[in-house]
Amino acid sequence: MTQAQRKILVIGSGGREHALAWKLAASAGVTEVLVAPGNAGTAREPKCRNVAIAVEDVPALLAMAQAEGVGFTVVGPEAALAVGVVDAFRGAGLRIFGPTQAAAQLESSKAFSKDFLARHKIPTAQYGVFTEIAPALADIARRGAPIVVKADGLAAGKGVVVATTVDEANAAVRDMLGGGSLGAAGARVVIEDFLDGEEASYIVVASGLNYVALATAQDHKRIFDGDRGPNTGGMGAYSPAPVVTPEIDARVRREVIEPTLQGMVDEGRPFTGFLYAGLMLDRAGTPKVLEFNARLGDPETQPILMRLDSDLLALLEAAVDGDPNASAPRWKPEVALGVVLAAAGYPGEVRRGDAIDGLDADFGTRAKVFHAGTALRDDAVITSGGRVLCVCGLGADTRSAQAAAYAAVSKISWSGLQLRRDIGYRAIAREEPAA
Ligand code: AMP
Ligand code: GLY
């Protein structure tokens, strides 16, 4: 791309994409970041501009990138990867960071990713894959509860049922395989053993066999304080995750990341992009893969990028050129913590269109409000999705990052706002062990 004009495209509309656009806008020489389709936050972010194209409309994205002279594209959501946006851009000679459609199957098909893990002897829960109800119910009867039922395809975070009883697991199987609420995504299911432990999100920037790890992170999946209630896309996150000690970090690289990248190369689908391993760590610190994502996490990205102290575009360009270590990331020593503010009804049926107050407050330099499900109505910012904002704070330790985030949160309000009050509690317990 010419040095005179460095236009970047970010595909997506969530908090993850607002954080990507914000950080890329600060990269050396970037003149403009286009966000397709973006949200109210990216519309207002300096140097950023929204383009009203849906993430799965690959022909329109490609035509726009060519017409605008976009020099580099970063893909946020799995939906765009699963329909082959990277293949299309590469085929047209455009530079884009993300996995091909074949490599993105690590996320887009749970059956593929479980079979891949088994083939390459990468630790994960014991499982079976089913398309018929009777054998699936027999498998549940054999394994007993607690047990986990997962739809094979992409289901926007709604495809996993952690069942505490056999009845609940049976109902999930009947719903998914019986052509229920998930449609085609549920036509095949994975049934797997329940794993106990603490979760961590381990994300690397990968390019074939070369990779560099991002700062560690942990999110809070349940809707209510104390990690209770139904699963969501994530109600808050922080970085670093102290549960990932240097020893565990080394094990994750050796036992999970490296064999995964090697396996993808060996199978003829080398992985370039953000590879996210959702891990369960047991008491002994043994990592097992819960899932792969072929993208950054949301909301993990927001605190991770708050801590990034080097050039994001240079890192991703180095990866596309073959080795992200050529521009390895540096991290602020502080902790960053993000609190998700969600709309009324989330994670169920969401109410949209509530006016958000307080966004023009002074949040200082230690906090940042990333938008997710927001839109502009005239000049007002309104809610337009389940997870509306992710409010991040930086601090010397998790408790002060938490205080910075909640201080910023207190300036924002709308009708029906939901949030958790305990984001970061596990890390705080590790940092401040009870006397
Ligand atoms: P997944 O989309 O596969 O990561 O599943 C979503 C969430 O369900 C995970 O983040 C875990 O909280 C939970 N989960 C998934 N698989 C298991 C398992 N085998 N054991 C316990 N919890 C699980
Ligand atoms: N926060 C979990 C995810 O992005 O999948």
inquiry  = So if I restrict to the alpha-carbon atoms in the chain, what is the Rg, and what is Dmax, the biggest pairwise distance, in Å?
reply    = 20.8, 64
ask   = For region 37-185, what is the Kirkwood estimate of the hydrodynamic radius, computed as the reciprocal of the mean inverse distance between distinct Cα atoms, to one decimal in Å?
value = 17.9 Å
ask   = Can you run phi through the Karplus equation (6.51, -1.76, 1.60; θ = phi - 60°) for region 330-345 and list ³J(HN,Hα) in whole Hz, with x for Gly and Pro?
value = 10, 10, 5, x, 5, 8, 10, 9, x, 10, 7, 9, 10, 7, 3, x
ask   = Which far-off residues, 5 or more places away or on another chain, put their amide H under 5 Å from the one on Val74, with H placed in the peptide plane?
value = Leu9, Val10, Ile11, Phe97
request  = Using just the helices of the chain, give the 222 nm mean residue ellipticity in deg cm²/dmol: DSSP H runs with n ≥ 4 each add -39,500 (n - 2.57), and the total is spread over all residues, rounded to 500.
outcome  = -8000 deg cm²/dmol
query = What residue among Gly128, Gly14, Gly98 shows peak mean-square fluctuation when the chain is described by a Gaussian network model with Cα springs under 10 Å?
reply = Gly128
ask   = Each residue of region 77-84 in turn: what ³J(HN,Hα) in whole Hz from Karplus with 6.51, -1.76, 1.60 and θ = phi - 60°, glycine and Pro shown as x?
value = x, 5, 4, 5, 5, 5, 9, x
request  = Could you grab the relative contact order for the chain? Cα pairs under 8 Å, six or more apart, rounded to a whole percent.
outcome  = 15 percent
message = Tell me the volume per residue, in Å³, of the convex hull enclosing the alpha carbons of region 166-302.
response = 137 Å³
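Do you know the relative contact order of region 322-384, to the nearest whole percent, from alpha carbon pairs under 8 angstrom that are 6+ apart?
The normalised contact order for region 322-384 reaches 30 percent.
Take each of the peptides 218-231, 395-408, average the number of other beta-carbon atoms within 10 Å over its residues, and list them starting from the highest.
Details: 218-231: 17.1, 395-408: 20.1.
The packing order, highest mean first, is 395-408, 218-231.
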remark   = With x for Gly and Pro, the residue-by-residue ³J(HN,Hα) of region 371-388, computed from phi through the Karplus equation 6.51 cos²θ - 1.76 cosθ + 1.60 at θ = phi - 60° and given in whole Hz, is 8, 10, x, 10, 8, 9, 10, 6, 9, 8, 9, 10, 6, 9, x, x, 8, 9
Lys, Arg +1 and Asp, Glu -1 on Cβ, resulting dipole of the chain about Cα centre, debye, nearest 20 = 200 debye
request  = Quick one: P(r) of region 299-435 from all Cα-Cα pairs, 10 Å bins, percents rounded to integers, in order of increasing distance.
outcome  = 12, 34, 29, 20, 4, 0
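How long are the semi-axes of the equivalent ellipsoid of region 337-381, taking √(5λ) for every eigenvalue λ of the Cα gyration tensor, in whole Å from largest down?
Details: eigenvalues 88, 49, 11 Å².
Taking √(5λ) for each Cα gyration eigenvalue gives 21, 16, 7 Å.
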ask   = Counting pairs on different chains as well as pairs 8 or more places apart, how many Lys pairs in the chain have Cα atoms under 19 Å apart?
value = 22
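Bear in mind that the values in this text are calculations on the coordinates, not laboratory data. All values derive from a computational prediction rather than experimental measurement. Counting neighbours? That spans all protein chains shown, and the Cβs are built from the backbone with ideal geometry, glycine included.
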